[in-house]
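The structure appears right after this line, and notes come after that.
Values quoted throughout were computed directly from the atomic coordinates according to the rules given, and no laboratory measurement underlies them. None of the values given here were measured: they were computed from a predicted structure. Reconstructed Cβ throughout: ideal geometry from the backbone, glycine too, with neighbour counts over all protein chains shown.
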Amino acid sequence: MHINVSPAIAHDTAFKWFKKYTQQELNAATAYQQIDYKLHAAHLPFDKDEWDTLVHIVLTEGMDGMEHIVATWSLAKSDALGKSTTRNSLLQGPSTEDSAISSTTDSLLQDPSAWLLVMEWAK
């Protein structure tokens, strides 16, 4: 199962409303309305099909599907954070120790299995 994490899905507040819907805290219409509102405020497009795909994964795969979505979302968020951190560290210049730690960290951050393990541990 491949999940494309667009900027709209990566939006923290919009994703929070999606999670509330999957946890049955609100209905689909309310969730989509709130997601659309939050994305509009952030000047991001709302593509219902994109969110429907995530809902379909949760409905067909259950908690495994949701865990995979959250792991992929977390990975996309960490990649975005890593890129901004990398831009900032370019001004300072990396040390040899930082490079070794960074390569190990990057490989772990890009491993969905590692994210699933962290999520299980955090429960």
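Calculate one ³J(HN,Hα) per residue across the range 8-16 by plugging θ = phi - 60° into the Karplus curve 6.51 cos²θ - 1.76 cosθ + 1.60, and present them in order as whole Hz with x for glycine and proline.
Result, rounded to whole Hz: 5, 6, 6, 5, 3, 5, 5, 5, 4.
All other residues with a Cβ under 12 Å from the Cβ of Ala31 taken together, and with Lys, Arg as +1 and Asp, Glu as -1, what is their net charge?
Cβ neighbours under 12 Å give a net charge of +2.
Give a residue-ordered list of calculated ³J(HN,Hα) values for the range 67-74 (Karplus: 6.51 cos²θ - 1.76 cosθ + 1.60, θ = phi - 60°; whole Hz; x for Gly, Pro).
Values, residue by residue: 5, 5, 4, 5, 5, 5, 4, 4 Hz.
Along the range 17-30, what does the Karplus equation 6.51 cos²θ - 1.76 cosθ + 1.60 (θ = phi - 60°) give for ³J(HN,Hα), rounded to whole Hz, x for Gly and Pro?
5, 4, 5, 4, 5, 5, 8, 6, 7, 7, 7, 4, 4, 5
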